[in-house]
Amino acid sequence: MRERLESLKQEALNELEQIESSGQVQELRVKYLGKKGLLTEILRGMGKLSAEERPIVGQVANEVREAIESKLEEKGQAAERAEVEAKLAKESIDVTLPGRTVHAGNRHPLNLVIEQIEDIFLGMGFNIAEGPEVETDYYNFETLNLPKDHPARDMQDSFYITEDILLRTHTSPMQVRTMEKMQGQVPVKIICPGRVYRRDDDDATHSHVFTQVEGLMVGENVRMSDLKGILLSFARQMFSEDAKIRLRPSFFPFTEPSAEVDVSCMFCGGNGCRICKHTGWIEILGSGMVHPRVLEMAGYDPQKHTGFAFGMGVERIAMLKYGVDDVRHFYTNDLRFLKQFNRV
Ligand code: PHE
């Protein structure tokens, strides 16, 4: 019996040595030590032993049980450890790997400036209108009091598509388009941002496509001082609290009187520098009182209603605001340029 016990121990330890999983540990525990296990089976024969033999065999049996148990324990722990490690290895995340960059776009500087202009005029009660870039000769010139032989209608200056259709050369056609829509009602208070086209040779300050914001206000007793006040408020909000404006006499066929508007130089505060060519002033827009003939053509009675209009160049304002020295930067889509406006 002692021999059977010894050989059982040997057999058990050999088999346990091969264990790899905690499932197997459980299996072998049952196989050797369970109620119907091999050890129990041998011990059942104890009753047949003599009184002297019994304690000796009992001791051997205990040793065998302990040996098997401690081996099971050891193997069980090892298997568990290995299983945890395998699980960790499988689920691990390498936090040192570089992340994938998300390339988010940002607003184009011209759109940034348009949005600022819109915000300022919305704050003064203006609405925003938009009109077609492909325009008729009628709205682009005729209703703006530009007679057929006016030099601005020259083929050199405009992109004609047919004899009567062209790419708009300014946003002013929106003046009459808006007034027609309003059907004689007042007040009319709109601004209209949009692209315009002229046959120019591109250089640092000229582009054949550029952006304007038109402004129009028509009502009873709308005066030149209203124009002046609105534009001063605009300049202060757009450039700086202490910005000044100055109106210089000018000529446009669709306004009378007409004025070019300068803003005090935001680089030198009006003292004179390279940017303002030592004048202290920078021109930002054309403006004037809507010509009576334009009001008439749009269905308004110039005896009852008056109005002012202005048109500003968005590129010019963006160049002044952000210190851009070449208008072509706005159109060549160089990311090194565009990305600089990420946080303004
Ligand atoms: N349309 C004119 C231009 O493009 C600007 C302007 C608009 C002038 C409105 C007066 C009134 O130069």
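The values are calculated or read from the model by the stated rules, or taken from the named source; none is laboratory data. Because the structure is predicted, anything quoted here is derived from the model rather than measured. Virtual Cβ from ideal backbone geometry, glycine too; neighbours counted across all protein chains shown.
Some observations on this one:
- Selected residue (only one of T205, T211 is touching a Leu at 6+ places or on another chain (Cβ under 7 Å) and either in a strand (DSSP E or B) or closer than 18 Å to M319 by Cα (or both)): T211
- Tallying residues that are more than 16 Å from E296 (Cβ to Cβ) and within 11 Å of the ligand (Cβ to nearest atom) within segment 173-190 yields 2.
- Residues satisfying the stated conditions in segment 298-344, i.e. farther than 30 Å from T143 by Cα and part of a loop (DSSP other than H, G, I, E, B): G323, V324, D325, D326, Y331, T332, N333, D334, N342, R343, V344
- When each of E135, E130, E115 is tested for being part of a helix (DSSP H, G or I), assigned by TED's automatic domain parsing to the domain that holds L216 and not hydrophobic (A, V, I, L, M, F, W, C), the lone residue that passes is E115.
- Leading residue by the ranking (nearest to the ligand (Cβ to nearest atom)) among those in segment 193-221 that are closer than 17 Å to A298 by Cα and among the hydrophobic types (A, V, I, L, M, F, W, C): L216
- The number of residues in segment 94-132 that are within 19 Å of N333 (Cβ to Cβ) and touching a residue at least 12 places away in the same chain (Cβ under 8 Å) comes to 8.
- Of the residues making up segment 88-105, those that are within 28 Å of N342 (Cα to Cα) and not hydroxyl-bearing (S, T, Y) are L97, P98, G99, R100, V102, H103, A104, G105.
- The set of residues from segment 214-233 being in contact with a His (Cβ under 9 Å, 6 or more places away or on another chain) and either closer than 17 Å to M312 by Cα or part of a strand (DSSP E or B) (or both) comprises E214, V218, G219.
- Residue satisfying all of: in segment 173-195; within 13 Å of E130 (Cβ to Cβ) and among the β-branched types (V, I, T); surrounded by the fewest Cβ atoms within 10 Å (Cβ to Cβ) among these: T178
- Condition met for D301 (farther than 22 Å from P193 by Cα and modelled with pLDDT of 95 or more): yes
- Residue check for H170: within 12 Å of the ligand (Cβ to nearest atom) and either crowded, with 21+ Cβ neighbours inside 10 Å or in a loop (DSSP other than H, G, I, E, B) (or both): yes
- Counting the residues of segment 249-297 that are within 9 Å of the ligand (Cβ to nearest atom) and not in a strand (DSSP E or B) gives 1.
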